Amino acid sequence: MADKEKLRIDKYLWAIRIFKTRSQASEACDKGKVKLQGTSVKASKPVMVGEEYEIKTESRKWVIKVTALLDHRVQYTEAIKYYADLTPAEEKQRLEFQAAAFFTGKRQSKIGRPTKKQRRELGDYLD
């Protein structure tokens, strides 16, 4: 993409896979969840290389630095080359702790079917 062209922040965040859809990225901007130097930005704000953004998604907080512009969605391994993740270490540790502590009660996938005994125990538990 040429440097002269303008790229909207909502399109950029969608392209680098921070948000699943462009409308989610735009909505996050409207709700003030995307900030540049502590100030909320509109979805139409042009992105410049070198800018640092604070982004709040449903699952985590991001701090990213724009290293290159990307205007179309590419696979994750390519997308991560267009930004630097500056998220503080304590935020990443909090996410790892949450993932380890979160238990839904569902069986993990790919560990096989329950045995007959386990099915009976499940039946007793659910009744």
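The values are calculated or read from the model by the stated rules, or taken from the named source; none is laboratory data. All of these numbers come straight from a predicted model, not from anything done at the bench. Don't worry about glycine lacking a Cβ; one is built from the backbone with ideal geometry, like all the others, and counts go over all protein chains shown.
Observations
- Region 50-79: number of residues that are over 11 Å from the mean Cα position of the chain (by Cα), on the phi < 0 side of the Ramachandran plot and of a type in the set (Gly, Ala, Ser): 2
- Being in a loop (DSSP other than H, G, I, E, B), more than 21 Å from Ile80 (Cβ to Cβ) and touching a residue at least 40 places away in the same chain (Cβ under 8 Å) is a property that does not hold for Lys42.
- Flag: Glu58 does not match the condition of being touching a Leu at 6+ places or on another chain (Cβ under 8 Å), of a type in the set (D, E, K, R) and within 20 Å of Glu91 (Cβ to Cβ).
- Inside region 11-45, residues that are over 20 Å from Val74 (Cα atoms), in contact with a strand residue (DSSP E or B) (Cβ under 8 Å, 6 or more places away or on another chain) and of a type outside the set (Gly, Ala, Ser) make up a count of 8.
- Looking across region 97-127, the residues that are at pLDDT below 75 and surrounded by 10 or more Cβ atoms within 10 Å (Cβ to Cβ) come down to Phe97, Gln98, Arg107.
- Residues being assigned to a loop (DSSP other than H, G, I, E, B) and not small (Gly, Ala, Ser) - total across region 45-57: 6
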